[in-house]
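The values are calculated or read from the model by the stated rules, or taken from the named source; none is laboratory data. In this text the structure is predicted, and so the values were computed from the model without any measurement. Don't worry about glycine lacking a Cβ; one is built from the backbone with ideal geometry, like all the others, and counts go over all protein chains shown.
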Amino acid sequence: MIKLVVFDLDNTLAPMYSPMKENTLASLKDLSKKVHLAVASGKTPFYLAGFFRQAGIKDIKLIGENGAVTYLNSDLPCEVIYARVSQKYLENREKIFSDIKKLLSNKICFQPNEIALSFFYKGKKDKEKIENYLKSQNYNDIDIYYFDKSVDICPKNVNKAYGINRLAKKMEIEPNEIIIVGDSENDISMAKFTPYSIGIGNLKENVRYNVKDINSALHLLNIMGDEIGWKL
């Protein structure tokens with residue numbers, strides 16, 4: 001039985017920096033009537049809570065900061081699950097924050113995270129400076145994800161699969177009772193977590209199925225769920 005469906009947000013459920021399209025939102029609301037929903041994103045769960053409340057979806061689990069912080073509902077305040085991180089990671093995070101801020105001066109913006117470190121830069125030269133700095137420091141307790149004009153730095157092995165695993169244990173759900181849908185590098189970990197994974201666009205590694213867009217993914221996961229069975 002499928003008990004949980006986990007989606008990435010940006011360029012999966014919604015275009016980058018945009019709300020969900022009406023047909024996607026309608027499909028998501030229909031899906032919520034037969035299975036638990038979650039979203040896993042590099043954004044903060046506080047941001048995700050506002051995004052989904054505005055869309056009219058309150059009963060959704062919010063795995064933010066690439067698995068580091070999870071809200072059990074978008075209707076705040078709610079129960080929160082935090083990743084377990086070392087003091088060394090916290091010290092390194094503060095050093096990276098300070099060094100990157102000095103390196104790029106006022107040409108950078110930091111996302112207000114609780115555990116991970118996420119920042120936005122302006123162009124290719126800034127990205128090269130960031131990459132060169134991080135390579136020179138030889139940090140061995142972090143994972144780094146590079147995107148178009150942004151970088152996410154997370155504690156080592158704290159990723160979307162980590163967040164889903166913590167949530168699944170809380171909900172008493174097994175990996176083979178979960179379907180995931182994603183589109184990018186930081187979705188690979190959650191694709192490996194369950195046998196039922198759908199990659200959109202260029203995400204073809206470690207996924208069971210690959211489709212061109214969210215409409216195709218929603219159609220496919222409904223077929224999968226109907227065949228396996230749903231449980232809310």
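Per-residue answers, yes or no, for (1) under 24 Å from the mean Cα position of the chain (by Cα); (2) in the same structural domain as Lys170 (by TED's automatic domain parsing); (3) surrounded by 13 or more Cβ atoms within 10 Å (Cβ to Cβ); (4) in a strand (DSSP E or B):
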site: Cys78; (1), (2), (3), (4): yes, yes, yes, no
site: Phe97; (1), (2), (3), (4): yes, no, yes, no
site: Leu103; (1), (2), (3), (4): no, no, yes, no
site: Ile115; (1), (2), (3), (4): yes, no, yes, no
site: Ser118; (1), (2), (3), (4): yes, no, yes, yes
site: Lys129; (1), (2), (3), (4): no, no, yes, no
site: Tyr133; (1), (2), (3), (4): no, no, yes, no
site: Tyr139; (1), (2), (3), (4): yes, no, yes, no
site: Tyr145; (1), (2), (3), (4): yes, no, yes, yes
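Among the candidates Lys43, Lys61, the residue that is within 17 Å of Arg166 (Cα to Cα), basic (Lys, Arg) and in contact (Cβ under 8 Å) with a residue 60 or more places away in the chain is uniquely Lys61. Residue count for segment 146-181, restricted to those that are at pLDDT below 95 and under 25 Å from Ser216 (Cβ atoms): 2. Figure legend. Inter-residue proximity from segment 177-196: first residues in a helix (DSSP H, G or I), second residues among the polar types (S, T, N, Q) and surrounded by fewer than 22 Cβ atoms within 10 Å (Cβ to Cβ), beta-carbon distance below 8 Å, spacing 6+ or different chains. Indicated pairs: Ile188/Asn206; Ala191/Asn206; Lys192/Asn206; Phe193/Asn165. Quick check on Ser189: is it hydroxyl-bearing (Ser, Thr, Tyr) and crowded, with 16+ Cβ neighbours inside 10 Å? Considered against the rule, which asks whether it is hydroxyl-bearing (Ser, Thr, Tyr) and crowded, with 16+ Cβ neighbours inside 10 Å, Ser189 comes out as yes. When Ala38, Ala49 are checked against the criterion of being at pLDDT 95 or above, part of a strand (DSSP E or B) and buried (at least 17 other Cβ atoms within 10 Å of the Cβ), a single residue qualifies: Ala38.
Tell me, yes or no, whether segment 5-15 has at least one residue that is surrounded by fewer than 19 Cβ atoms within 10 Å (Cβ to Cβ), assigned to a loop (DSSP other than H, G, I, E, B), touching a residue at least 12 places away in the same chain (Cβ under 8 Å) and at negative phi. No, the conditions are met nowhere in segment 5-15.
The one condition from (1) buried (at least 21 other Cβ atoms within 10 Å of the Cβ); (2) hydrophobic (A, V, I, L, M, F, W, C); (3) under 21 Å from Leu13 (Cα atoms) that Val158 does not meet is (3).
Could you tell me which residue of segment 59-76 is farthest from Asp10 (Cα to Cα), considering only residues that are part of a loop (DSSP other than H, G, I, E, B) and not hydrophobic (A, V, I, L, M, F, W, C)? Here the answer is Asp75.
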